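S.K.: Have a look at this one.
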Amino acid sequence: MLSFFKTDKLYLLFPMFFGAGVASYFIKFTENDLVIPLIILGFLLIFLSLLKNKVFLLLLIFMDLGFIYSHMITINKKHEMLDADMSFSEVMGVVDEVDYYKGSKSVILKEVRINNKSINPYLKLTIRGQGLIKYGDYIKGKFNLYKPSLPSSYYDNSNNISLWFDNIYASGFNMSKVEVVEYETKKDIKYYIYKARDYVKTIIKENLNSKEYKIAFAFVVGEKGLISEKIKKSYQNSGIAHILSVSGMHISLVAFFIFFVVRSVLALIPIIALRYDIKKISAIISLVFASLYLMISGMALPVIRAYIMVFVSLIAILFDRKAISLRNISIAAFIILLLRPDSILSPSFQMSFMAVFAIVALAQNNITKITLRLKNKGIIYKIFVFLIGVLITDFVALVTTSPITMYHFNKVPLLSVFGNLAVAPIFSFIIMPCLFLGVVFGIIGFGKVFFVIAGFGIKIINEWAELIDGFDMVYFNKAMPSWGLVLCVLSFVFFIVFKNKKLKSIMVVAYIFGFVSPYFTKIPNLMINDDGSLIAINHDGKLWFNNLNKNKSLAKRWALKVGNNPDKIFGKKKEYKEFFDNICDKEACIYEDFVIMKDKNGCLPSKVLIDLSWFGCDLKSDIKLNRKDLFINGTYSFFKDSKGKITYKTSKDKITY
């Protein structure tokens, strides 16, 4: 039996089980005490001392420790959060972070005062129609402030736990002109990082046209707010949107480009090459540049996670280990979960590790064979093999990350493989090296030639993305249920870990079953939002909406989250109106077992009565709601089973903060 589970990659399971414990805590973020998990830990430790086969018990201990650790870290971060929205409040504070968008800025404020009351946590604000605001400015203005919002529905996987870990008190936007008050800016290390960022942005802006420098900003300093929605959409639909966010790919390219250049130069100097380990010298210098790039890019959480992965790889070189291996990736994942356990909920964390695990596992099994086959082959053959490798790599990444894409974003770019076929080599070997060299030589005024080449590469990528986006069926919409995602992740990891071919076959079947789970997702029979203004009814497997004029964005989000195509709903406005005119009048909307009461005369017998009037209704119903219920619990999603029983889920059932 044990031979069935034979493996030489057991180390991969420990961070996975630790992560499972972390995730199980965040599924429903509560402040319950630790008595039960500590009792479980005690029993597991007792059994560990008694049994011979300890591996499974150790994995369960890691899972329990993940739960306990997440609880302790989360409670330790305890701080105030706004519990009721505030209008036209006077806000003052120091700008701690700033990102620029078209017509607005997103800022994080510290040393906050609201209506002259001091608040310890930070504020996350959007400032519209304002002049230059920079790090360290002391600003003052009137703002509308909002408490952490409920998800748009039970299907919405977005959550506000990151606000908790980032010490955010509230979010909001300005209702007046924001004044920059005279204030002596503290010149700490963050001040000089922002000065360096602004200087790098100035160099890029002076050497590229408006369309190109906005995309270059995303590649280099992590600012993508200035990119037009049209370009963003074409990047998303063609499956190359990942290059717009600074990630492991960007930091890896910078680090290993420096590693290659430094090692090549040092190899040409005999006095150094013969006396010192130039590989380790190159790794140290690469680590320095990767650290600088981390700071210049804004040090956002996904970038820090990517940096940790690169850091572990470069440190491995210093200890004469493989730079890229499954062991290093598992160590990086464990470190990230220790630093920010809430990362387990992040789509960027999930997608990056799934993709990297798959690609590294593929490379480890085939790199030696490929290297031997390429020996003594011509350049044309090597280029052909490289392009095939790009296709295979991207296909593997697409297959392994698609469940996560469907779970969080509810759509999968079908032509991602072809989108990345041209983009990967251009981005990796032309754009990023030339942008790096352009910035470095731009400091002394000689970076123009590199920016010209980088700009040409960006232009090609833009045109390629628009070309791919122009095809019909460039993506399909499906909503992945939680159990389907879990099944895909577990079967994928077990497929890599275990050697037995029969077990691998079982994992392939399990992965396929999880992959097609969206087809088993049940669409609600009726949905209604927190103020009753938007109603959606399941008609022939599609959501039909009563009011698209005032609720466009919410209707699109609902459609997307249940696996409908949000771009097609606005072409059916006339059909929607006719449908709701048939079931609604001034007094009530009546559909099957549902009555949505608008007036006192709409008090009618039904299984589900939703009272949107202010009159009340004395009739008894299986489920009876009013405006207060909607306001407190958010969107209600109702489900009717084959026996006619009706249940519901609310937005509040989904909260994790």
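S.K.: Could you compute the FRET efficiency for Lys499 and Thr521, with r as their C-beta to C-beta distance and R0 at 45 Å, rounded to 0.05?
M.R.: Calculated transfer efficiency: 0.85.
S.K.: When ligands, DNA and RNA are left out and all protein chains stay put, how many square angstrom of accessible area per residue does segment 545-640 have with a 1.4 Å probe?
M.R.: Value returned for segment 545-640: 56 Å² of accessible area per residue.
S.K.: Taking a probe of 1.4 angstrom, what is the accessible area of Glu229 in Å², to the nearest 10?
M.R.: The value for Glu229 is about 130 Å².
S.K.: On to the next question. Give me the percent of accessible area attributable to carbon and sulfur for the chain, probe 1.4 angstrom.
M.R.: Result for the chain: 63 percent of the exposed heavy-atom area is carbon or sulfur.
S.K.: Given labels modelled 7 Å from the Cα in the Cβ direction, how far is it in nm from Phe173 to Leu421?
M.R.: Reported label-point gap for Phe173 and Leu421 is 4.2 nm.
S.K.: For Ile284 and Glu587 in the same chain, what is the full-extension length gain: residue separation times 0.36 nm, less their Cα-Cα distance, in nm?
M.R.: Once the chain is fully extended between Ile284 and Glu587, it gains 101.7 nm.
S.K.: Pull up the cross-link candidates among the aspartates and glutamates for Lys279, meaning alpha carbon to alpha carbon under 19 Å and not fewer than 8 places away within one chain.
M.R.: List returned: Asp320.
S.K.: In nm, to one decimal, how far is the Ser106 label point from the Lys52 one, both placed 7 Å along Cα→Cβ?
M.R.: Reported label-point gap for Ser106 and Lys52 is 5.7 nm.
S.K.: Just add up the charged neighbours of Leu287: K/R +1, D/E -1, any other residue whose Cβ is under 14 Å from the Cβ of Leu287.
M.R.: Working: positive: Arg263, Lys279, Lys280; negative: none.
Local net charge: +3.
S.K.: Also, I was wondering about something else. Pop the C-beta distance of Ile36 and Ile269 into the FRET formula with R0 = 56 Å and round what comes out to the nearest 0.05.
M.R.: Working: r = 63 Å, r/R0 = 1.12.
My answer for the efficiency is 0.35.
S.K.: Could you check how many percent of all C-alpha pairs in segment 182-304 are farther apart than 21 Å?
M.R.: Across segment 182-304, Cα pairs with separations above 21 Å total 53 percent.
S.K.: Here's another thing I want to ask about it. For helix 13-26, what angle does its Cα long axis make with the longest principal axis of the chain, in degrees from 0 to 90 and rounded to 10?
M.R.: Once rounded, one gets 30 degrees.
S.K.: Pulled fully out, how much extra length does the chain show between Ser291 and Asp320, if you take 0.36 nm times their separation in residues and subtract their Cα-Cα distance?
M.R.: 8.3 nm
S.K.: Here's something else I'd like to know. Taking the highest mean first, how do the peptides 482-488, 540-546 order by number of other beta carbon atoms within 10 angstrom per residue?
M.R.: Ranking the peptides 482-488, 540-546 by packing returns 482-488, 540-546.
S.K.: Hey, which aspartates and glutamates would be in cross-link range of Lys501, C-alpha to C-alpha under 16 Å, not counting anything within fewer than 8 residues on its own chain?
M.R.: Asp8
S.K.: Shifting gears a bit: Highest mean first, what order results for 331-340, 87-96 on Cβ atoms within 10 Å?
M.R.: 331-340, 87-96
S.K.: Normalized C-alpha radius of gyration of segment 459-585, against 2.2 N^0.38 Å? Before the final figure, lay out each step's value.
M.R.: Values: Rg = 19.9 Å, N = 127, 2.2 N^0.38 = 13.9 Å.
Ratio of Cα Rg to 2.2 N^0.38 Å: 1.44.
S.K.: Run the quick spin-label model on Val509 and Asn116: label points 7 Å from Cα toward the beta carbon, then report their separation in nm to one decimal.
M.R.: Here the answer is 7.3 nm between the modelled labels.
S.K.: Another question about this same structure. Which FRET efficiency, nearest 0.05, do Ile27 and Phe260 yield, Cβ-Cβ r, R0 30 Å?
M.R.: Once rounded, the FRET efficiency stands at 0.10.
S.K.: A follow-up question, please. Multiply the residue separation of Leu362 and Ala196 by 0.36 nm, subtract the distance between their alpha-carbon atoms, and state the gained length in nm to one decimal.
M.R.: 55.8 nm
S.K.: What ³J(HN,Hα) values, in whole Hz, does the Karplus curve 6.51 cos²θ - 1.76 cosθ + 1.60 give for segment 504-511 when θ = phi - 60°, with x put for Gly and Pro?
M.R.: 4, 5, 4, 5, 4, 4, 5, 5
S.K.: While we're here: Quick one: Cα convex hull volume of the chain, Å³ per residue?
M.R.: Considering the Cα atoms of the chain, their hull volume per residue is 213 Å³.
S.K.: If you don't mind, another one. Treating the angle as unsigned and between 0 and 90°, give the value, to the nearest 10°, between the Cα long axis of helix 278-296 and the longest Cα principal axis of the chain.
M.R.: 30 degrees
S.K.: If contacts are Cα pairs under 8 angstrom and at least 6 residues apart, what is the relative contact order of the chain in percent?
M.R.: Taking the mean separation of contacting Cα pairs over the length of the chain, I get 14 percent.
S.K.: A further question follows. Over segment 436-517, what per residue volume does the convex hull of the Cα atoms give, in whole Å³?
M.R.: Dividing the Cα hull volume of segment 436-517 by its residues yields 189 Å³.
S.K.: Return, in residue-number order, each cysteine of the chain whose C-beta is not under 4.7 Å from any other cysteine's C-beta.
M.R.: That list is Cys434, Cys488.
The values are calculated or read from the model by the stated rules, or taken from the named source; none is laboratory data. Here the structure is a predicted model, which is why all the values come from computation and not from measurement. Note: ideal-geometry Cβ built from the backbone for every residue, glycine included; neighbour counts use all protein chains shown. Please note that ligands, DNA and RNA were not included when accessible areas were found on the heavy atoms of the full protein model with its side chains. Shrake-Rupley method; radii C 1.70, N 1.55, O 1.52, S 1.80 Å.
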